[in-house]
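Okay, structure first, notes after.
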Amino acid sequence: MQIDIDHVAKLARLGLSEEEKKVFGEQLGKVLDHANELQKLNTDNVSPTSHAIPMKNVLREDKVVVCQNTEDILANGPETEDNMFKVPRIVE
Amino acid sequence: MKYETIIGLEIHAQLATESKMFCGCSTKFGAEPNSNICPVCTGQPGTLPVVNKKAFELAIKTAIALNCKIEPQSIFARKNYFYPDLPKDYQVSQYELPLATGGYINVEVDGEVKKIGITRVHLEEDAGKLVHQGAAQIMGADSSLVDYNRTGTPLMEIVSEPDIRSPKEAAAYMQTMANLLQYIAVSDAKLEEGSLRCDANISLRPIGQKEFGTKSELKNMNSFKAVEKALIYEVKRHNEVVSEGGKIVQDTRFYDEKTDTTKGMRTKEFAHDYRYFPEPDLVPVEPSQEWVEEIRQSLGELPANRKARFIKDFGLTTDDAGLLVSNKAVADFFEEALKLLNNPKAIANWINGELTAYLNEHNLTITQANISPAKLVELIQAIDQGTISGKIAKTVLVKVLETGKSVKEVVAESGLTQMSDEGELVKIIRDVIKNNPKQLEQYKGGKTTVLAFFVGQTMKATKGRANPGMVNKLLKQELG
Ligand SMILES: [Zn+2]
């Protein structure tokens, strides 16, 4: 199946070379082919699956836990100023 | 052709929790930038979110108050898009299976009650805050600084049906909703402070037609007035475009309070393809019937019912009852006072009048202020017993609020007791008459309206401590 690889790459903010576009386009096309195969099954009596593991109601109490290494998190950003992450111009 | 206005509102309310939606970071406002962040809310690889039980509970509470159906299973989803205030590059929200659906709220507009449908109530997480550099806003900024303190704060989205037919109804809906959220203590719900936000979808359609027209989505309305004004502007704009034979282009528009206009953002930039899919890191929540019932019990009487009861049982006016129930603590205060003194009208008047004025002026809540139901009752009783006049009582109330002393203490210390000694009052009245011979002559000449002048002078001489009824009686007697 053909896939609009340019659109998918744009949504994922990925810059792909022509070669990569060809390789990934083919691979993703095969994934879609497989999904199309599954579409043929009759699922009228099957409710949509959101999770494969049968677990529910995992909740935590509303308690504040202070994180001790916020500086390490800031250090992950390429540039910071006044304890904030600095990002380039957002809209042109 | 005649058109009708179709409005639907999307509200986002910050939930009153201590910690964030999926991690233990504090939700406290005004902290140092990026001090309330952790690996989970900044989307570090390998971290796992866990749902805040209280946030879920508050949303269920709201859904019950809005007569919604609590869904037996609700699922979180990822809404994918790139923006610097969103560190994970997706927002966790609810999409196909929200927490609650199909409710309504009754809104009073021009004395009439209108039922507005609620499509859904769901939970999601807030984004971070951007500080733009090189310009006051995003347009024209060279760069931006990002503070992730707010990232992951629990938000509740409430979506209305397109049942709203005028900007005025929209403002009334917002006000009623804000009051309700505050009353049931699920959110601060302040538009001005951003703990409540509102997006509006508006379109026009020819009367009688079933299909909706093309809509505009309005953002950036930071007060109830702004909600109304932005919509008034937009109705006018749609009307103009349509009447000139033009076509409305679907877009997202920002309201500018200064110019009182809306401006469109280029549609292309907001053409999103969110690719929602179930959040694999969060398992479904299936609230048990017992849990929902427990929350329902904790909800107690809702403001609309309480208001109706105040009108029916205590003979209050719609306005008085409405003011009292606009705040739960105030309504509780009223009922506590009523237990001590069966005079609903007087208690409501004092609360809605002098007391509220003082609280607003000093930016205090009724529970923070130096006042209790017992103290207010003491004040009203002092008037009823003739110890102080109604006018003096206002001064006494302010002193009580300022000092925290009892009514009795304030009255005793400042000599504000009403004069009940006739003999003393007669002496003062005789002096007043003696000092105003001209007015006395006018009175004797038949101009009885001068009596008001003498009453005024006497009240002044007694610094308001005389009983006006007694002054009237004695004056007539002395003037002959
Ligand atoms: Zn966190």
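The values are calculated or read from the model by the stated rules, or taken from the named source; none is laboratory data. Keep in mind the model is a prediction, meaning the values are calculated, not measured. Backbone-built Cβ (ideal geometry, glycine too); neighbour counts: all protein chains shown. Protein only, heavy atoms only, side chains kept; ligands, DNA and RNA dropped before computing areas. Shrake-Rupley method; radii C 1.70, N 1.55, O 1.52, S 1.80 Å.
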- Message: Looking only at residues that are touching a Pro at 6+ places or on another chain (Cβ under 9 Å), modelled with pLDDT of 95 or more and more than 20 Å from B:ASP85 (Cβ to Cβ) in the range B:38-54, which one is nearest to the ligand (Cβ to nearest atom)?
- Response: B:ASN52
- Task: Name the residue, out of B:ALA63, B:ALA59, B:ALA13, that is assigned to a strand (DSSP E or B), surrounded by 21 or more Cβ atoms within 10 Å (Cβ to Cβ) and either within 11 Å of chain A (Cβ to nearest Cβ) or modelled with pLDDT of 95 or more (or both).
- Result: B:ALA13
- Output the qualifying pairs, or none if there are none: Cβ atoms under 9 angstrom, residues six or more apart or on different chains, first residue in the range B:141-165 and in contact (Cβ under 8 Å) with a residue 12 or more places away in the chain and within 30 Å of B:ILE6 (Cα to Cα), second residue assigned to a strand (DSSP E or B) and among the aromatic types (Phe, Trp, Tyr). B:GLU161/B:TYR104; B:ASP163/B:TYR104
- Message: Tell me the residue from B:LEU323, B:LEU359, B:LEU316 that is in a helix (DSSP H, G or I), open to solvent by less than 60 Å² (accessible area, probe 1.4 Å) and not assigned by TED's automatic domain parsing to the domain that holds B:GLY111, please.
- Response: B:LEU359
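Which residues, taken from the range B:106-135, are farther than 30 Å from B:PRO72 by Cα and away from chain A (no Cβ under 14 Å)?
B:GLU108, B:VAL109, B:ASP110, B:GLY111, B:GLU112, B:VAL113
Can you tell me which residue in the range B:66-97 is surrounded by the most Cβ atoms within 10 Å (Cβ to Cβ), limited to those that are within 17 Å of B:VAL283 (Cβ to Cβ) and among the aromatic types (Phe, Trp, Tyr)? Give the derivation first.
Quick first cut of the range B:66-97, residues within 17 Å of B:VAL283 (Cβ to Cβ) only: B:71-78, B:92-97.
Next, only the ones that are among the aromatic types (Phe, Trp, Tyr) stay: B:76, B:95.
Numbers: B:PHE76: 27, B:TYR95: 17.
In this case the residue turns out to be B:PHE76.
Output the residues belonging to the range B:234-244 that are surrounded by 16 or more Cβ atoms within 10 Å (Cβ to Cβ) and either charged (D, E, K, R) or out of contact with any Leu (no Cβ under 9 Å at 6 or more places or on another chain) (or both).
Hits for the range B:234-244 are B:GLU234, B:ARG237.
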- Kindly list the number of the only condition in (1) modelled with pLDDT of 95 or more; (2) crowded, with 18+ Cβ neighbours inside 10 Å; (3) aromatic (Phe, Trp, Tyr) that fails for B:TRP291. (2)
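List the helices (runs of 4 or more DSSP H) inside chain A, counting only whole elements, that have at least 3 residues being away from chain B (no Cβ under 14 Å) and closer than 24 Å to B:LYS20 by Cα.
none
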- Query: So is B:VAL400 at pLDDT below 95, under 30 Å from B:GLN182 (Cβ atoms) and open to solvent by less than 50 Å² (accessible area, probe 1.4 Å) or not?
  - Reply: yes
- Message: Out of B:GLU71, B:GLU108, I need the residue that is more than 16 Å from the ligand (Cβ to nearest atom) and more than 25 Å from the chain's Cα centre (by Cα). Which one?
- Response: B:GLU71
- Query: Is there a residue in the range B:120-143 that is open to solvent by 50 Å² or more (accessible area, probe 1.4 Å), closer than 24 Å to B:GLY300 by Cβ and not aliphatic (A, V, I, L, M)?
  - Reply: no
- Message: Would you confirm, using the coordinates I've provided, whether B:LEU282 is surrounded by 15 or more Cβ atoms within 10 Å (Cβ to Cβ), within 14 Å of chain A (Cβ to nearest Cβ) and in a loop (DSSP other than H, G, I, E, B)?
- Response: yes
- Within the set of pairs 6+ apart or on separate chains, which have a first residue in the range B:272-290 that is on the phi > 0 side of the Ramachandran plot and in contact (Cβ under 8 Å) with a residue 60 or more places away in the chain, a second that is part of a loop (DSSP other than H, G, I, E, B) and open to solvent by less than 60 Å² (accessible area, probe 1.4 Å), and C-beta atoms under 9 Å apart? B:ARG275/B:TYR81
- Message: Take the conditions away from the ligand (no atom under 16 Å from the Cβ), more than 14 Å from chain A (Cβ to nearest Cβ), open to solvent by 60 Å² or more (accessible area, probe 1.4 Å) and not aliphatic (A, V, I, L, M) and apply them to B:PHE212. Does it pass?
- Response: yes
- Message: Testing B:ILE105 on (1) open to solvent by less than 50 Å² (accessible area, probe 1.4 Å); (2) at pLDDT below 95, one condition comes back false. Which one is that?
- Response: (2)
- What is the one condition in (1) farther than 30 Å from B:ILE184 by Cα; (2) of a type outside the set (D, E, K, R); (3) open to solvent by less than 50 Å² (accessible area, probe 1.4 Å); (4) within 10 Å of chain A (Cβ to nearest Cβ) that B:THR47 does not satisfy? (4)
- Item | Among the candidates B:THR261, B:THR252, residue that is surrounded by 12 or more Cβ atoms within 10 Å (Cβ to Cβ) and under 24 Å from B:TYR90 (Cβ atoms) | B:THR252
- Query: Which residues, counting only those in the range B:380-409, are more than 24 Å from B:ASP421 (Cα to Cα), over 30 Å from the mean Cα position of the chain (by Cα) and of a type in the set (D, E, K, R)?
  - Reply: B:LYS405
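Quick one: in the range B:144-177, of everything that is of a type in the set (Gly, Ala, Ser) and crowded, with 20+ Cβ neighbours inside 10 Å, which residue is nearest to A:LYS63 (Cα to Cα)?
B:GLY152
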- Quick check: anything in the range B:30-37 open to solvent by 40 Å² or more (accessible area, probe 1.4 Å), more than 16 Å from the ligand (Cβ to nearest atom) and either at pLDDT below 95 or closer than 23 Å to A:ASP82 by Cα (or both)? yes
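A quick yes/no check of all residues on (1) farther than 21 Å from B:GLY390 by Cα; (2) of a type in the set (S, T, N, Q):
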residue	(1), (2)
B:GLU336	yes, no
B:LEU341	no, no
B:PRO344	no, no
B:ALA348	no, no
B:ALA357	no, no
B:LEU364	yes, no
B:GLN368	yes, yes
